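> Handing you a structure now.
The values are calculated or read from the model by the stated rules, or taken from the named source; none is laboratory data. Quick caveat, the model's predicted, so the values are computed rather than measured. Every residue, glycine as well, gets a Cβ built from its backbone with ideal geometry; the counts of neighbours run over all protein chains shown. Just the protein is used for accessible areas: all its heavy atoms, side chains included, with ligands, DNA and RNA removed. Shrake-Rupley method; radii C 1.70, N 1.55, O 1.52, S 1.80 Å.
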Amino acid sequence: MNTKAMYKLSYGLFVCTAVQGAKMNGCITNTAMQVASEPNRISIAINKANYTHDMVKETGACNISVLSKDASFDIFKHFGFQSGRDVDKFAPELLKDIAYKLADNGIPYITTGTSAYFSLKVDQEVDLGSHTLFICEPTAMEVLSDTPSCTYEYYQNEIKPKPEKVGTTVKGEPVWRCTICGYEYVGEDLPDDFICPICKHGKEDFEKLVR
Ligand code: FE
């Protein structure tokens, strides 16, 4: 079995936002898609470790903003590389140039670097272990720009900065590179419980390189 086949699947990239009480939050996901047309259904799988996951589960609603090729790395960093448990992602001093508006459902959608948004109401939930699959009814949707949408491949090749070297390596010393953000760990073995300090992904998202 060649697990590299997993990399041949194509994905879009999205900001999933939710509101619970006074808290507005959002995360990056690659799993939004239309899964039925009659009735129209959009599914989104969210990792249970994300604070946004709990907010969607408890409120039964979210918005999906479709990232376009205009999206800067800052948007991915802002929504993807920090947790809403630790920071207020909608604090103006943290959002800086990232603009948003409130949809009719009271949930923000991102207007910077995006091509469309959807307001979703959760219709069904499927527990998938690491993730919950939310199958949703779209209650609103608008086109925001004609810029082509950003695929995961485009993000990897064109938006994500080339990896920064962490520490100095002598020739032949193995490096473990995070395939999500490019962080590099130097050493023969990466501990099984290692969590990337930049993007918080685990060992399964690291690849071992020998230079
Ligand atoms: Fe990482």
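> Here's a check for you: in the stretch 185-195, which residue that is within 11 Å of the ligand (Cβ to nearest atom) and under 16 Å from VAL175 (Cβ atoms) is surrounded by the most Cβ atoms within 10 Å (Cβ to Cβ)?
Per the stated criteria, the residue is TYR185.
> GLY80 - would you say it is in contact with a Gly (Cβ under 8 Å, 6 or more places away or on another chain), under 21 Å from CYS199 (Cα atoms), open to solvent by less than 50 Å² (accessible area, probe 1.4 Å) and modelled with pLDDT under 95?
no
> Which condition does LYS162 not pass, out of (1) at pLDDT below 90; (2) surrounded by 15 or more Cβ atoms within 10 Å (Cβ to Cβ), if it passes all the others?
The number of the failed condition is (2).
> Pick out the one residue from LEU94, LEU128, LEU120, LEU102 that is open to solvent by less than 60 Å² (accessible area, probe 1.4 Å) and not polar (S, T, N, Q).
One residue alone meets the criteria, LEU120.
> Another one. Checking VAL143 against (1) modelled with pLDDT of 85 or more; (2) more than 16 Å from the ligand (Cβ to nearest atom); (3) buried (at least 16 other Cβ atoms within 10 Å of the Cβ): exactly one of these is not met. Which one?
Among (1) modelled with pLDDT of 85 or more; (2) more than 16 Å from the ligand (Cβ to nearest atom); (3) buried (at least 16 other Cβ atoms within 10 Å of the Cβ), VAL143 violates only (3).
> Filter the stretch 23-34 down to the residues that are of a type in the set (D, E, K, R) and surrounded by 17 or more Cβ atoms within 10 Å (Cβ to Cβ) and list them by number.
Correct list: empty.
> Okay, next question. For the stretch 173-184, give me the residue count where each residue is open to solvent by 40 Å² or more (accessible area, probe 1.4 Å) and more than 10 Å from the ligand (Cβ to nearest atom).
1
> Taking the stretch 196-205 as the search range and keeping residues that are more than 8 Å from the ligand (Cβ to nearest atom) and surrounded by 13 or more Cβ atoms within 10 Å (Cβ to Cβ), which one is farthest from PHE73 (Cα to Cα)?
So, considering only residues that are more than 8 Å from the ligand (Cβ to nearest atom) and surrounded by 13 or more Cβ atoms within 10 Å (Cβ to Cβ), the one farthest from PHE73 (Cα to Cα) is LYS203.
> Does GLY113 meet the test of being of a type outside the set (S, T, N, Q), within 16 Å of the ligand (Cβ to nearest atom) and open to solvent by less than 80 Å² (accessible area, probe 1.4 Å)?
No; evaluated as a whole, the condition is false for this residue.
> Going by the structure shown, is SER37 open to solvent by less than 60 Å² (accessible area, probe 1.4 Å) and at pLDDT 95 or above?
No: the conditions fail for SER37.
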